[in-house]
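All remarks here apply to the structure that follows.
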Amino acid sequence: MQLQLGLLWLLVPGSAALEPISLSIAIGAASVLTGYLSYPSFYCGFVECCPGERDRPNTTALKEDLDNKLFGQHLAKDVILKAVTGFRNNPNPKKPLTLSLHGWGGTGKNFVSQFIAKSIHKAGQKSKFVHLFIATLHFPHDHQITLYKDQLQTWIRGNVSACARSVFIFDEMDKLHPGLIDAIKPFLDYYEQIDGVSYRRAIFIFLSNAGADLINKVALDFWRSGKDRKQIQLKDLEPVLSVAVFNNKNSGLWHSSLIDRNLIDYFVPFLPLEYKHLKMCIRAEIESGGKKINEAIVDEVAKEMTFFPKDEKIYSDKGCKLVPQKLLFYWERL
């Protein structure tokens, strides 16, 4: 308070000649200003603050995003909503929430990581408390793994110290050098604190194409047997998916202690997208651009995509990833 009054004294013109009543008004104004600035809700209205104990995740927005922007993924929708909501509503979690999302490119893994980040921090991936690591960008050289491990631990330690509810997203896990991810094992474990820092309220999300072939095979087997894909349950995929990833040298989790010690809470499978799901993506992309849906163009764009298996042509081999680029050729007609 003395420092603030001193600054105020210097900033007021003719402050040396202030009359007692004027000085009293100035001191009162400074006191009011100091009170406002020290009040968290006022201060956090101007700068981004780390969510506190009373802050709850925006589960309504998360559910709306999952319902309206994620297609053909009944398993992911159910698991993600329950996992994130349950974790954030738990006043005393025993460990950080760790999710490993697996599936073909373009099936929605990146979308879901963005939805989760936005439900915790209003700015989403633009938040200073959300951290994205891309394997080929941030960890490109296998001969520097030791350096990367040190940097990764330092980064996580520093950011969780600044905000307990930090979110860490690791993209392209299947391109991560074997053993590197084990550097974060202590932070994902059941420790109450490590060097005075608790990591129990942080969220770690892994995005990977590893295991996609297995997921696709299960989905195809259901289709060939005449079963609806919504009959696929998490128990049909999660156990075999974790084993497959653990034994895959190109998964980023090969023989990882994160799996061996059961530190990954959920292995979330993303199913391959059918023609009808692709059309849903196209409609959503058109609407997000402020255009009116034209079903003829939706069909044209969908038919430009390629599908697998070669004979049945059931699933889009790029998911919805190419939809924005393909629509550019039709934008003037919308």
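Of everything in region 201-217 that's crowded, with 17+ Cβ neighbours inside 10 Å and more than 17 Å from the chain's Cα centre (by Cα), which residue is nearest to residue 75 (Cα to Cα)?
215
Residues are listed down the side, and each one gets a yes or a no for (1) under 24 Å from residue 284 (Cβ atoms); (2) modelled with pLDDT of 95 or more; (3) assigned by the TED database to the domain that holds residue 163:
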{"residue": "27", "(1), (2), (3)": "no, no, no"}
{"residue": "34", "(1), (2), (3)": "no, no, no"}
{"residue": "44", "(1), (2), (3)": "no, no, no"}
{"residue": "70", "(1), (2), (3)": "yes, yes, yes"}
{"residue": "79", "(1), (2), (3)": "yes, yes, yes"}
{"residue": "98", "(1), (2), (3)": "no, yes, yes"}
{"residue": "103", "(1), (2), (3)": "yes, yes, yes"}
{"residue": "109", "(1), (2), (3)": "yes, yes, yes"}
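Hey, any hits in region 237-253 for a residue that's open to solvent by less than 80 Å² (accessible area, probe 1.4 Å), out of contact with any His (no Cβ under 8 Å at 6 or more places or on another chain) and part of a strand (DSSP E or B)?
No: zero hits.
Name the pairs: first residue in region 309-334 and on the phi < 0 side of the Ramachandran plot, second residue among the basic types (Lys, Arg), Cβ to Cβ under 8 Å, at least 6 apart or on different chains?
Matching pairs, first to second residue: 331/291; 334/291; 334/292.
So which pairs qualify, if the first residue must be in region 121-149 and in the same structural domain as residue 162 (by the TED database), the second must be small (Gly, Ala, Ser) and in a helix (DSSP H, G or I), the Cβ gap must be under 6 Å, and the two must be at least 6 apart or on different chains?
124/117; 125/117; 130/117; 149/183
Return only the number of the condition from (1) within 26 Å of residue 77 (Cβ to Cβ); (2) open to solvent by 60 Å² or more (accessible area, probe 1.4 Å); (3) of a type in the set (D, E, K, R) that residue 279 does not satisfy.
(2)
For region 139-195, give me the residue count where each residue is of a type outside the set (Ser, Thr, Tyr) and outside any helix (DSSP H, G or I).
21
The values are calculated or read from the model by the stated rules, or taken from the named source; none is laboratory data. Everything numeric here is computed off the predicted structure, so don't read it as measured data. A quick note on method: Cβ atoms are made from the backbone with ideal geometry, for glycine too, and the neighbour counts reach across all protein chains shown. Heavy atoms of the whole protein, side chains included, go into the accessibility calculation; ligands, DNA and RNA do not. Shrake-Rupley method; radii C 1.70, N 1.55, O 1.52, S 1.80 Å.
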